[in-house]
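Chemist: This is the structure I have questions about; it appears just below.
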Amino acid sequence: MLELRPTCEHCNKALPADSLEARICSYECTFCATCAEDILGNVCPNCGGGFVQRPIRPSKNWKGDNYLGKDPASTKVKRRPVDLTAHAQFAARIKLILPEKR
Ligand SMILES: [Zn+2]
Ligand SMILES: [Zn+2]
């Protein structure tokens, strides 16, 4: 199950479960849209993959107890501020490659 992390790893902005600003990589590294797109150039600093918008888990029990009430968002903050100088070097070539070709 997707871990809905509570904040941006880099800037610590709150990203509640219903946030349209949350972005994740395939490993669930979680950033806000501004960090993911403008600061990190759509290159995850941890794996080099691209980001997509984090899906919203339903808040209501539409079917089979698959909702936030039973599977709440994580409250464990994962803060790993990115070294932007190192990231610029890391991402320089990677960002030119479409995420699906990386
Ligand atoms: Zn951020
Ligand atoms: Zn990643």
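The values are calculated or read from the model by the stated rules, or taken from the named source; none is laboratory data. Small disclaimer: the values here were computed from a predicted structure and weren't measured. Here the Cβ is made from the backbone with ideal geometry for all residues, glycine too, and neighbour counts use every protein chain on show. Heads up: the accessible areas ignore ligands, DNA and RNA and are worked out on the full protein's heavy atoms, side chains in. Shrake-Rupley method; radii C 1.70, N 1.55, O 1.52, S 1.80 Å.
Chemist: Taking segment 55-87 as the search range and keeping residues that are of a type in the set (A, V, I, L, M), farther than 20 Å from P99 by Cβ and open to solvent by less than 70 Å² (accessible area, probe 1.4 Å), which one is nearest to ligand 2 (Cβ to nearest atom)?
Modeler: Applying the filter and picking the extreme gives A86.
Chemist: Condition first: open to solvent by 50 Å² or more (accessible area, probe 1.4 Å) and either part of a loop (DSSP other than H, G, I, E, B) or touching a His at 6+ places or on another chain (Cβ under 6 Å) (or both). Now tell me which residues in segment 31-54 satisfy that.
Modeler: Result: N46, C47.
Chemist: Separate question: When you scan segment 12-57, how many residues do you find that are at positive phi and more than 11 Å from ligand 1 (Cβ to nearest atom)?
Modeler: Qualifying residue count, segment 12-57: 4.
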